[in-house]
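Okay, so here's the structure we're looking at.
What follows is calculated from the coordinates using simple rules that are stated; it is not laboratory data. These numbers come from a predicted model, not from an experiment. Virtual Cβ from ideal backbone geometry, glycine too; neighbours counted across all protein chains shown.
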Amino acid sequence: MNRLQGKVAIVTGAGRGIGRAIADGFVREGATTIATGRSMSDTDSGQTISRRLDVADEAHWERVVDETICRHGRIDILVNNAGIIAYETLHELTMAAWEEVIATNQTGTWLGMRAVVPHMIEQGGGSIVNVSSIWGSAAVAGAHAYHATKGAVRNMSKSAAITYAKNNIRVNSVHPGFVGTPLTDAQDAQVNEFVLSRTPMGRAGAPEEIAHGVVFLASDESSFMTGSELVIDGGYLAQ
Ligand code: NAP
């Protein structure tokens, strides 16, 4: 409790799955939390402020960040969690599918960092957590665009970490393995069995198990960590 007391946080893709668990964890730890999502409506409930934000839309970022600064005076934490997947191999991908995945996972992460960094510089620091994947550093067949974006998020995080270390802005990436969420629930059962059969712990992670790691990276407990990769994957990448 109170590990994020007094902090103001923005979380993307917070309507369900891992993003919702992160937003709930932030509220439990005392943060004023702007929980955003593409299909969320604008409501306020205690410490949770819900706002519609399509991460690929510059105007949405401007609106949410401007309002947060107006109301709360600062942004201490940004979690770029929103993400989508396309399963096609590279020769099957259409331009539209490629561009949608890039726009959400990669451009959305850049737009989010670009929107908050000037405020974090001005206030003297902040913590950014970008949600990548085990598929940001390892690969399976197919899902070419997804792999491209998750690798990009991994290295964009390191680039931002190096650039803004002098401004006391920490940027780290989180790399979940297989987690039970609406995203994986909707996947082909064979895809899920394949990944689970290769996960040493032999089970899916829970969204809360990812949220615990994100709370740590967002909090001052990780004050000497930047540019690092927090892998939470039941042992997948250790093989
Ligand atoms: P999910 O259940 O599909 O939830 C994703 C959330 O992102 C949804 O609320 C969705 O909103 C939102 N979203 C999608 N496009 C958006 C956009 N353009 N703007 C704003 N919000 C958008 O997925 P999840 O499994 O929780 O995944 C969350 C993150 O973890 C993703 O980045 C994913 O790549 C990553 N990840 C997941 C796993 C896993 O096994 N689940 C593993 C590794 C990494 P709508 O409801 O409006 O579509």
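Brief remarks on what is shown
- Spatial offset of region 175-235 relative to region 17-78 amounts to 22 Å, using the alpha carbon center of each.
- For Lys150, the lysines whose Cα comes closer than 22 Å to its Cα, not counting residues fewer than 8 places off in the same chain, are Lys158.
- Region 222-231 - phi-based ³J(HN,Hα) in whole Hz, Karplus 6.51/-1.76/1.60, Gly and Pro as x: 9, 4, 9, 10, 8, x, 9, 10, 9, 8
- Formal net charge of residues neighbouring Ala31 (Cβ-Cβ distance under 10 Å; K, R +1; D, E -1): +1
- Förster radius 30 Å - calculated FRET efficiency between Met201 and Ser41 (Cβ-Cβ, nearest 0.05): 0.20
- Antiparallel bridges, percent of DSSP beta bridges restricted to the chain (to nearest 5): 10 percent
- Size of electric dipole in region 1-152: Cβ of Lys, Arg +1 and of Asp, Glu -1, about Cα centre, debye, nearest 20: 500 debye
- Between helix 58-72 and the chain: long-axis angle, C-alpha atoms, 0 to 90°, nearest 10: 40 degrees
- Most to least packed among 28-36, 184-192, 116-124 [average Cβ atoms within 10 Å]: 28-36, 116-124, 184-192
- Backbone N under 20 Å from the Glu122 label point (7 Å along Cα→Cβ), restricted to region 29-61: 32-34, 58-61
- Computed per residue of the chain from DSSP H runs no shorter than four, each worth -39500 (n - 2.57), the mean residue ellipticity at 222 nm is -12500 deg cm²/dmol.
- Environment charge at Ala141 (Cβ cut-off 14 Å; Lys +1, Arg +1, Asp -1, Glu -1): -2
- Two-site FRET efficiency, Ile162 against Ala139, from Cβ-Cβ distance with R₀ of 22 Å, rounded to 0.05: 0.30
- Other-chain or far-sequence residues with amide H under 5 Å of Gly126's (modelled H): Ile169, Arg170
- Taken one residue at a time, the phi angles of region 23-28 give Karplus couplings (6.51, -1.76, 1.60, θ = phi - 60°) of 4, 4, x, 5, 5, 4 Hz. Gly and Pro are set to x.
- Cβ-derived FRET efficiency at R0 25 Å, Asp57 paired with Met95, nearest 0.05: 0.80
- Built amide H within the under 5 Å cut-off of Ile232, gap 5+: His175, Gly177
- Relative contact order of the chain, defined on C-alpha pairs under 8 angstrom at six or more residues apart (%): 20 percent
- Summing charges over all other residues whose Cβ lies under 15 Å from the Cβ of Gly234, with Lys and Arg as +1 and Asp and Glu as -1, gives -2.
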